[in-house]
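I have placed the structure first, in the form of structure tokens, so that the comments after it can refer back to it.
Where a number appears in this text, it was derived from the coordinates with a stated rule and is not lab data. Remember, it's a predicted structure, so these values are computed and weren't measured experimentally. A quick note on method: Cβ atoms are made from the backbone with ideal geometry, for glycine too, and the neighbour counts reach across all protein chains shown.
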Amino acid sequence: MPITEVFQRPTVKQVIFQITYPNLFYLESKIGDLQLNIMEKFPESSLLFRRQVLFADIGPGGKIEDVIEKSQMEQGTKKIWQFNSPKGYQMNITSDSLDITSKLHKTYNNTASDNRFRDIIEFVVTQFLNITKIPLILRIGLRYVDECPMPSNITADFLSYYKTTFPVDRFKIEDAIEMNFMATVKRDNGYVRYAESFKQSPDNTYKLILDFDGFANNIQAEQCLVTTDKLHDIISAEFKATIKEPVYRYMRGESV
């Protein structure tokens with residue numbers, strides 16, 4: 001079961017939702033209508049341009065001017081329509097992707113909270129699909145980045161907080177400057193990339209980052225929210241499998 005509690009001091013620092021879809025050549029003509037429909041939630045807007053970066057080995061006798069000219073013809077620049085909320089979340093749209101990044105939302109769909117990330121996803125996706133009429137989503141992604149408490153740099157203390165993937169029987173936390181682990185695995189009808197990162201800061205403090213990136217491929221557009229709900233459940237289960245009771249007490253604001 002996913003975690004249903006709304007915490008006073010949650011560890012999540014950033015949550016990201018993304019869909020990718022086939023390149024929509026007509027999207028620019030639809031952006032104005034979409035902007036009007038989402039202005040209630042995203043009142044600030046801007047148009048950005050991302051220029052492609054070129055790495056080329058021109059070889060003997062080659063001319064860099066020819067390579068640049070060809071690259072500009074083939075790639076050019078990419079338009080990004082960016083929409084912001086003063087509350088702390090942002091949406092970016094390109095011809096082949098849409099993403100929402102939030103530092104505000106600390107719960108996905110808990111009715112005890114007024115700020116649910118799923119509500120923003122549903123609002124945006126409904127407006128976007130109504131306007132674009134796309135039948136297929138190539139990839140749906142949901143990512144949570146958590147900055148978690150470190151009781152100390154003592155291995156025994158660390159193990160009382162976390163069911164870690166680090167080989168601490170060989171590489172002790174006391175001796176570690178940095179540790180990283182990453183795995184991508186199948187879960188139900190989707191996938192999850194789990195990353196665990198420990199780092200000692202220059203001021204001798206310690207930070208543990210848990211990064212959960214769930215995704216599914218080739219989803220019918222009408223199944224977008226259902227699929228996102230399943231990805232959230234997968235991520236929640238992985239989070240529960242990583243933390244122990246002292247972390248729950250920390251998130252509740254209790255002494256640990």
5 Å is the cut-off here: which amide hydrogens, built 1.01 Å from N in the peptide plane, fall below it relative to K207, excluding neighbours closer than 5 in sequence?
K199, S201
Note down the nm distance, to one decimal, between modelled labels 7 Å out along Cα→Cβ at A221 and at K30.
0.5 nm
Quick one: 3J(HN,Hα) in Hz for the range 209-216, Karplus 6.51/-1.76/1.60 with θ = phi - 60°, rounded, Gly and Pro as x.
10, 10, 10, 10, 10, x, 7, 9
Computed, not fitted: 222 nm per-residue ellipticity of the chain from DSSP H runs ≥ 4 (each -39500 (n - 2.57)), nearest 500, equal to -8000 deg cm²/dmol
Nearest 10 degrees is fine. How inclined is helix 224-240 to the longest principal axis of the chain, computing both from alpha carbons?
30 degrees
For the chain, the dipole about the Cα centre with charges only on Cβ (Lys and Arg +1, Asp and Glu -1), to the nearest 20 debye, works out at 220 debye
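For the chain, what is Rg from Cα atoms divided by 2.2 N^0.38 Å, rounded to two decimals?
1.19
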Which residues among the range 156-171 fall inside the zone where the amide N is under 15 Å from a point 7 Å beyond the Cα of V185, along Cα→Cβ?
163-167
Measure nothing but the geometry: give the 0 to 90° angle between the long axis through the Cα atoms of 117-132 and the longest principal axis through the Cα atoms of the chain, rounded to 10°.
20 degrees
Using amide H atoms built 1.01 Å from N in the peptide plane, name the residues 5+ places from T107, or on other chains, whose amide H lies under 5 Å from its own.
F117
Between the range 1-54 and the range 214-240, the Cα center-to-center distance that results, in Å
17 Å
Could you identify which residue out of T20, T77, T155 has the top mean-square fluctuation in a GNM of the chain using Cα springs shorter than 10 Å?
T77
If each of Q82 and R50 carries a label point 7 Å out from its Cα toward its Cβ, how far apart are those two points in nm?
1.1 nm
